[in-house]
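Remarks on the structure that follows.
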Amino acid sequence: MRVLGVDPGLTRCGVGVVEGVAGRPLTMLGVGVVRTPADADLGHRLVAVEQGLEQWLDEHRPEFVAVERVFSQHNVRTVMGTAQASAVAILCASRRGIPVALHTPSEVKAAVTGSGRADKDQVGAMVTRLLRLDAPPRPTDAADALALAICHIWRAPAQNRLQQAVAAHAARTPPTTPRAPSARHASKGRTA
(Lines give C-alpha, C1' and ligand atoms only; values in the text may rest on other atoms or scores of the structure.)
Protein backbone atom coordinates (compact mmCIF):
# COMPACT_ATOMS: atom_id res chain seq x y z
CA MET A 1 0.00 0.00 0.00
CA ARG A 2 1.36 3.42 -0.96
CA VAL A 3 0.05 6.37 1.06
CA LEU A 4 0.60 10.11 0.70
CA GLY A 5 0.29 11.73 4.12
CA VAL A 6 -0.65 15.42 4.20
CA ASP A 7 -0.19 17.63 7.25
CA PRO A 8 -2.23 20.60 5.98
CA GLY A 9 -1.13 24.19 6.39
CA LEU A 10 -0.99 27.31 4.28
CA THR A 11 2.56 28.40 5.11
CA ARG A 12 3.95 24.86 5.37
CA CYS A 13 1.98 21.86 4.11
CA GLY A 14 3.84 18.71 5.08
CA VAL A 15 3.86 15.83 2.61
CA GLY A 16 5.28 12.34 2.94
CA VAL A 17 4.93 9.09 1.03
CA VAL A 18 5.23 5.73 2.76
CA GLU A 19 4.86 2.28 1.24
CA GLY A 20 4.25 -1.01 3.01
CA VAL A 21 1.72 -3.16 4.82
CA ALA A 22 0.81 -3.53 8.47
CA GLY A 23 3.16 -5.83 10.34
CA ARG A 24 6.08 -5.42 7.91
CA PRO A 25 8.88 -2.85 7.68
CA LEU A 26 7.77 0.36 5.97
CA THR A 27 9.66 2.39 3.36
CA MET A 28 9.72 6.14 2.97
CA LEU A 29 9.54 7.11 -0.71
CA GLY A 30 9.62 10.87 -0.24
CA VAL A 31 9.14 13.66 2.27
CA GLY A 32 8.95 17.43 2.02
CA VAL A 33 6.97 20.59 2.50
CA VAL A 34 4.88 22.68 0.11
CA ARG A 35 5.52 26.29 1.13
CA THR A 36 3.65 29.50 0.41
CA PRO A 37 4.59 33.07 1.38
CA ALA A 38 2.57 34.36 4.33
CA ASP A 39 2.14 37.76 2.70
CA ALA A 40 0.68 36.39 -0.57
CA ASP A 41 -2.99 36.61 -1.50
CA LEU A 42 -5.06 33.70 -0.13
CA GLY A 43 -6.14 32.56 -3.59
CA HIS A 44 -2.54 32.43 -4.81
CA ARG A 45 -1.50 30.49 -1.72
CA LEU A 46 -4.22 27.89 -2.26
CA VAL A 47 -3.22 27.52 -5.91
CA ALA A 48 0.41 27.03 -4.82
CA VAL A 49 -0.64 24.31 -2.35
CA GLU A 50 -2.70 22.64 -5.08
CA GLN A 51 0.17 22.73 -7.57
CA GLY A 52 2.59 21.33 -5.01
CA LEU A 53 0.26 18.50 -4.06
CA GLU A 54 -0.45 17.71 -7.71
CA GLN A 55 3.31 17.31 -8.28
CA TRP A 56 3.52 14.87 -5.37
CA LEU A 57 0.54 12.92 -6.69
CA ASP A 58 2.05 12.81 -10.21
CA GLU A 59 5.45 11.71 -8.98
CA HIS A 60 4.46 9.10 -6.39
CA ARG A 61 1.03 7.84 -7.58
CA PRO A 62 -0.31 6.90 -4.12
CA GLU A 63 -3.19 4.49 -3.65
CA PHE A 64 -4.51 6.46 -0.66
CA VAL A 65 -4.19 9.96 0.74
CA ALA A 66 -4.25 10.44 4.52
CA VAL A 67 -5.00 13.98 5.71
CA GLU A 68 -4.93 15.29 9.25
CA ARG A 69 -8.48 16.00 10.42
CA VAL A 70 -8.87 19.66 11.30
CA PHE A 71 -9.79 20.19 14.92
CA SER A 72 -10.87 23.29 16.80
CA GLN A 73 -8.10 25.60 17.88
CA HIS A 74 -8.21 28.87 19.78
CA ASN A 75 -6.62 30.73 16.88
CA VAL A 76 -9.41 30.96 14.29
CA ARG A 77 -7.05 32.28 11.61
CA THR A 78 -4.78 29.25 11.98
CA VAL A 79 -7.64 26.74 11.91
CA MET A 80 -9.12 28.43 8.82
CA GLY A 81 -5.83 28.16 6.92
CA THR A 82 -5.43 24.55 7.99
CA ALA A 83 -9.00 23.73 6.92
CA GLN A 84 -8.49 25.43 3.55
CA ALA A 85 -5.26 23.53 2.86
CA SER A 86 -6.97 20.31 3.99
CA ALA A 87 -9.79 20.91 1.52
CA VAL A 88 -7.26 21.41 -1.29
CA ALA A 89 -5.64 18.05 -0.46
CA ILE A 90 -9.01 16.29 -0.39
CA LEU A 91 -9.97 17.92 -3.69
CA CYS A 92 -6.72 16.96 -5.44
CA ALA A 93 -7.05 13.32 -4.38
CA SER A 94 -10.77 13.09 -5.09
CA ARG A 95 -10.35 14.58 -8.55
CA ARG A 96 -8.10 11.59 -9.33
CA GLY A 97 -10.38 9.05 -7.69
CA ILE A 98 -7.89 8.38 -4.87
CA PRO A 99 -9.58 7.46 -1.57
CA VAL A 100 -9.01 9.95 1.25
CA ALA A 101 -8.87 9.11 4.95
CA LEU A 102 -8.96 11.70 7.72
CA HIS A 103 -7.09 10.97 10.95
CA THR A 104 -7.12 13.07 14.11
CA PRO A 105 -3.81 14.23 15.60
CA SER A 106 -4.32 12.07 18.71
CA GLU A 107 -5.15 9.03 16.55
CA VAL A 108 -1.91 9.51 14.60
CA LYS A 109 0.17 10.02 17.75
CA ALA A 110 -1.33 6.91 19.36
CA ALA A 111 -0.70 4.80 16.25
CA VAL A 112 2.92 5.89 15.90
CA THR A 113 4.06 6.33 19.52
CA GLY A 114 1.51 4.43 21.59
CA SER A 115 0.30 7.64 23.27
CA GLY A 116 -2.30 10.05 21.94
CA ARG A 117 -0.61 12.80 23.97
CA ALA A 118 2.89 12.43 22.49
CA ASP A 119 4.72 15.63 21.63
CA LYS A 120 6.26 16.57 18.27
CA ASP A 121 9.72 15.32 19.27
CA GLN A 122 8.36 11.90 20.25
CA VAL A 123 6.48 11.61 16.95
CA GLY A 124 9.59 12.63 15.01
CA ALA A 125 11.74 10.12 16.90
CA MET A 126 9.34 7.25 16.25
CA VAL A 127 8.93 8.15 12.56
CA THR A 128 12.73 8.13 12.30
CA ARG A 129 12.93 4.73 13.97
CA LEU A 130 10.02 3.14 12.08
CA LEU A 131 11.30 4.26 8.68
CA ARG A 132 14.96 3.60 9.57
CA LEU A 133 16.04 7.18 8.82
CA ASP A 134 19.29 8.82 9.90
CA ALA A 135 17.55 11.83 11.45
CA PRO A 136 14.01 13.10 12.05
CA PRO A 137 12.56 14.86 9.00
CA ARG A 138 12.50 18.64 9.30
CA PRO A 139 10.45 20.70 9.68
CA THR A 140 8.06 18.86 11.97
CA ASP A 141 5.28 19.24 9.37
CA ALA A 142 7.19 16.76 7.18
CA ALA A 143 7.55 14.25 10.05
CA ASP A 144 3.83 14.66 10.83
CA ALA A 145 2.95 13.88 7.19
CA LEU A 146 4.95 10.64 7.37
CA ALA A 147 3.23 9.81 10.68
CA LEU A 148 -0.15 10.25 8.96
CA ALA A 149 0.86 7.83 6.20
CA ILE A 150 2.13 5.28 8.74
CA CYS A 151 -1.07 5.61 10.77
CA HIS A 152 -3.18 4.93 7.71
CA ILE A 153 -1.17 1.89 6.64
CA TRP A 154 -1.46 0.38 10.11
CA ARG A 155 -5.14 1.24 10.69
CA ALA A 156 -6.62 0.70 7.20
CA PRO A 157 -6.90 -3.11 7.42
CA ALA A 158 -8.88 -2.93 10.68
CA GLN A 159 -11.06 -0.10 9.38
CA ASN A 160 -11.76 -2.05 6.17
CA ARG A 161 -12.76 -5.16 8.14
CA LEU A 162 -15.07 -3.07 10.30
CA GLN A 163 -16.71 -1.45 7.25
CA GLN A 164 -17.14 -4.88 5.63
CA ALA A 165 -18.74 -6.25 8.80
CA VAL A 166 -21.16 -3.32 8.98
CA ALA A 167 -22.06 -3.74 5.30
CA ALA A 168 -22.57 -7.50 5.73
CA HIS A 169 -24.79 -6.94 8.75
CA ALA A 170 -26.84 -4.34 6.87
CA ALA A 171 -27.26 -6.78 3.96
CA ARG A 172 -28.52 -9.56 6.28
CA THR A 173 -30.90 -7.38 8.27
CA PRO A 174 -34.21 -6.83 6.51
CA PRO A 175 -35.31 -3.22 6.39
CA THR A 176 -37.95 -2.35 8.92
CA THR A 177 -41.20 -0.85 7.80
CA PRO A 178 -43.53 1.05 10.05
CA ARG A 179 -46.50 -0.97 11.21
CA ALA A 180 -50.00 0.17 10.52
CA PRO A 181 -51.99 0.69 13.71
CA SER A 182 -54.12 -2.29 14.64
CA ALA A 183 -57.89 -2.02 14.46
CA ARG A 184 -58.12 -2.15 18.24
CA HIS A 185 -55.77 0.83 18.65
CA ALA A 186 -57.27 2.71 15.76
CA SER A 187 -60.72 2.71 17.32
CA LYS A 188 -59.59 3.96 20.74
CA GLY A 189 -61.37 7.05 21.83
CA ARG A 190 -64.32 6.53 19.50
CA THR A 191 -67.75 5.98 20.89
CA ALA A 192 -70.52 4.09 19.15
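Look at (1) 1.05; (2) 1.82; (3) 1.22: the one that is Rg/Rh (Cα atoms, Kirkwood Rh) derived from this structure is (3). Distance between the modelled labels on residue 79 and residue 60, one decimal in nanometres: 2.8 nm (7 Å Cα→Cβ projection). Within the accessible area of the chain, the carbon and sulfur atoms contribute 54%, probe 1.4 Å, all protein chains present.
Computed extension length for residue 1-residue 87: 28.6 nm, one decimal, from 0.36 nm per residue of separation with the Cα-Cα distance subtracted. Per residue, the accessible area of the range 1-137 comes to 53 Å², computed with a 1.4 Å probe over protein heavy atoms only. In terms of the mean number of neighbouring beta-carbon atoms within 10 Å, the peptides 129-135, 97-103, 141-147, 65-71 order highest first as 141-147, 65-71, 97-103, 129-135.
Stokes-Einstein diffusion of the range 88-157 at 25 °C, 0.890 mPa s viscosity, Kirkwood radius from Cα pairs, rounded to a whole number: 195 µm²/s.
DSSP finds beta bridges in the chain, and of those with both partners inside it, around 65 percent are antiparallel. Annotation: extensible slack from residue 134 through residue 39 equals 30.8 nm (criterion: 0.36 nm per residue apart, minus Cα-Cα distance). A simple packing score, the average count of other Cβ atoms within 10 Å per residue, orders the peptides 110-123, 78-91 as 78-91, 110-123, with the highest score first.
The values are calculated or read from the model by the stated rules, or taken from the named source; none is laboratory data. Model, not experiment: these values are computed from the prediction. Note that we place each Cβ from the backbone using ideal geometry, even for glycine, and neighbour counts take in every protein chain shown. The protein model used for the area step is the full one, side chains on, heavy atoms only, and it has no ligands, DNA or RNA in it. Shrake-Rupley method; radii C 1.70, N 1.55, O 1.52, S 1.80 Å.
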